[in-house]
1. Restricting attention to the range 88-115, which residues are part of a strand (DSSP E or B), surrounded by 17 or more Cβ atoms within 10 Å (Cβ to Cβ) and over 20 Å from the mean Cα position of the chain (by Cα)?
2. Being at pLDDT below 90 and under 27 Å from residue 208 (Cα atoms) is true for just one of 271, 247. Which residue is that?
3. For the range 111-124, which positions are touching a helix residue (DSSP H, G or I) at 6+ places or on another chain (Cβ under 7 Å) and either closer than 14 Å to residue 36 by Cβ or outside the structural domain of residue 147 (by TED's automatic domain parsing) (or both)?
4. Just the residues that are outside any helix (DSSP H, G or I), under 19 Å from the mean Cα position of the chain (by Cα), more than 18 Å from residue 67 (Cα to Cα) and at pLDDT 85 or above, please, taken from the range 125-151.
5. Out of all the residues in the range 182-199, is one or more at pLDDT 90 or above, part of a loop (DSSP other than H, G, I, E, B) and surrounded by 15 or more Cβ atoms within 10 Å (Cβ to Cβ)?
6. Against the condition under 28 Å from residue 101 (Cβ atoms) and in contact (Cβ under 8 Å) with a residue 60 or more places away in the chain, how does residue 213 come out, does it pass?
């Protein structure tokens, strides 16, 4: 939901099928750090097309998925997962999505007069487009920014500013590590990560993920530790247990029945579920039943 300013700015695109956004008040009381105007995540509609000759704020956009084309400051760029770009006042830009694979992207806008300098120090001057490694870190930073931006507390503006500072540091770090050789490795990681996310329900082991991604288990492990800081098995189990939680909550099935669906015996299923979610499947179901009963969600 919008925070503070309840009116959606005119420059926000309506050509989306799903979005999470926040809006802060431009001109709010000054505080150290970059002033955040708005930000969010959006899944573009197949006909998404933005063309602007100018823009009132400094903006950073990060592609989390899908494909598209970007014309920025007179240059063309291919948009794909891991690409980040910036524009601002006086910087013409045009964004097209691939209708067959619509863009999923994050954005943040700032009205800070010094934000152009902050972008340059991050290696992302307005009009620049970069490929990043470690995209999971940048995605998480954007999610945290959105969470803080949606708050209504007195410190929300300051929290959003700090999140944006962290985001710029992560972008600078990711751009520095995306040299040609590193980028090839990152593309292999992305391909394997896409396979893992799409087939987590059926791939029960890291070895199965490696086979599906056409790499060796050792290479898969090195890629995941390098680019997301976790072993592929950890990522796989988190995704599988997220799916399991949804099945428990929505299907009304017994814990052992859901465990069977994931090819896990009840003991193993409960142990892994608790490691990921912090409570057993039984306690998870009780907690969700309580939430639904008291009407708080």
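1. First, the residues of the range 88-115 that are part of a strand (DSSP E or B): 93-98, 101, 104-110.
Still in the list and also surrounded by 17 or more Cβ atoms within 10 Å (Cβ to Cβ): 93, 95-98, 104-110.
93 - this is the single residue of the range 88-115 that is part of a strand (DSSP E or B), surrounded by 17 or more Cβ atoms within 10 Å (Cβ to Cβ) and over 20 Å from the mean Cα position of the chain (by Cα).
2. None of the other options fit; the residue is 247.
3. Just the residues of the range 111-124 that are touching a helix residue (DSSP H, G or I) at 6+ places or on another chain (Cβ under 7 Å), to begin with: 118, 122-124.
118 - this is the single residue of the range 111-124 that is touching a helix residue (DSSP H, G or I) at 6+ places or on another chain (Cβ under 7 Å) and either closer than 14 Å to residue 36 by Cβ or outside the structural domain of residue 147 (by TED's automatic domain parsing) (or both).
4. Going through the range 125-151, the residues outside any helix (DSSP H, G or I) turn out to be 125-134, 150-151.
Restricting the remaining residues to those that are under 19 Å from the mean Cα position of the chain (by Cα) gives 129-134, 150-151.
Applying the additional criterion that residues be more than 18 Å from residue 67 (Cα to Cα) yields 134, 150-151.
Hits for the range 125-151 are 150, 151.
5. If we filter the range 182-199 for residues that are at pLDDT 90 or above, which is where we start, we get 192, 195-196, 199.
Then keep just the ones that are part of a loop (DSSP other than H, G, I, E, B); that gives none.
Taking every residue of the range 182-199 in turn, none turns out to be at pLDDT 90 or above, part of a loop (DSSP other than H, G, I, E, B) and surrounded by 15 or more Cβ atoms within 10 Å (Cβ to Cβ).
6. Working: under 28 Å from residue 101 (Cβ atoms): yes; in contact (Cβ under 8 Å) with a residue 60 or more places away in the chain: no.
Here the answer is no, as residue 213 does not meet what is asked.
The values are calculated or read from the model by the stated rules, or taken from the named source; none is laboratory data. The structure displayed is predicted, hence computed values, not measured ones. Counting neighbours? That spans all protein chains shown, and the Cβs are built from the backbone with ideal geometry, glycine included.
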